[in-house]
1. Quick check on this structure: which one of GLY54, GLY16 is exposed (fewer than 10 other Cβ atoms within 10 Å of the Cβ) and modelled with pLDDT of 90 or more?
2. Yes or no: GLY25 assigned to a helix (DSSP H, G or I), under 14 Å from the mean Cα position of the chain (by Cα) and modelled with pLDDT of 85 or more?
3. Identify, by number, the condition in (1) surrounded by fewer than 10 Cβ atoms within 10 Å (Cβ to Cβ); (2) at pLDDT 85 or above; (3) out of contact with any helix residue (DSSP H, G or I) (no Cβ under 9 Å at 6 or more places or on another chain) that ALA8 doesn't meet.
4. What are the residues in region 23-50 that are loosely packed, with under 10 Cβ neighbours inside 10 Å and acidic (Asp, Glu), if any?
Amino acid sequence: MEILQEIAGFLRGYWGLWLMMLFVGLVLWTLRPGGRRKYDEASQIPLRDENGNGNGKE
């Protein structure tokens, strides 16, 4: 039981570091060169005309 308290204390002491590492990792994942096409396509979703009204892209 003492080992769990030590682990919890360690994690409590470094939560800011873990959070910063997670944030930086997510930013790097988003900005990686191979993902640009995927995000460009996703950015056009709100502009598509899926109902056939003729007032947007297909």
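The values are calculated or read from the model by the stated rules, or taken from the named source; none is laboratory data. Not measured: the values here are computed from a predicted model. Methodologically, a virtual Cβ is constructed for each residue, glycine included, from the backbone with ideal geometry; neighbour enumeration extends over all protein chains shown.
1. GLY16
2. Numbers: assigned to a helix (DSSP H, G or I): yes; under 14 Å from the mean Cα position of the chain (by Cα): yes; modelled with pLDDT of 85 or more: yes.
Yes, satisfied.
3. (1)
4. ASP40, GLU41, GLU50
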